Amino acid sequence: MKRLCHQCRDEMIEDCKVTVEGGFYGIKVSETGNGIFKNASSRLQAAVCPSCGYVALYVEDVREFRK
Ligand SMILES: [Zn+2]
């Protein structure tokens, strides 16, 4: 599945690492809840459009969020 830019429809460069500048920390996205099955988390990744610079964020392992 190719990721297309929302602005100009060009094909985006995926699997870009998202880090906090000045550190080696990544950013994680988590879904928290009360039940055992309501805990999902995954590392955040980015796709960058080589034409206009638009950045799209997505989680590394989306299966974590599928119930
Ligand atoms: Zn673009």
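Taking the criterion of being among the aliphatic types (A, V, I, L, M), open to solvent by 40 Å² or more (accessible area, probe 1.4 Å) and more than 16 Å from the ligand (Cβ to nearest atom), the residues of segment 36-65 that qualify are 36, 62.
Pairs are defined by a Cβ separation below 8 Å, a sequence spacing of at least 6 or placement on different chains, a first member in segment 15-33 that is open to solvent by 100 Å² or more (accessible area, probe 1.4 Å), and a second member that is among the β-branched types (Val, Ile, Thr); the pairs so defined are 25/19.
The values are calculated or read from the model by the stated rules, or taken from the named source; none is laboratory data. Keep in mind the model is a prediction, meaning the values are calculated, not measured. FYI the Cβ positions are ideal-geometry reconstructions off the backbone, even for glycines, and counts take in every protein chain you see. Heads up: the accessible areas ignore ligands, DNA and RNA and are worked out on the full protein's heavy atoms, side chains in. Shrake-Rupley method; radii C 1.70, N 1.55, O 1.52, S 1.80 Å.
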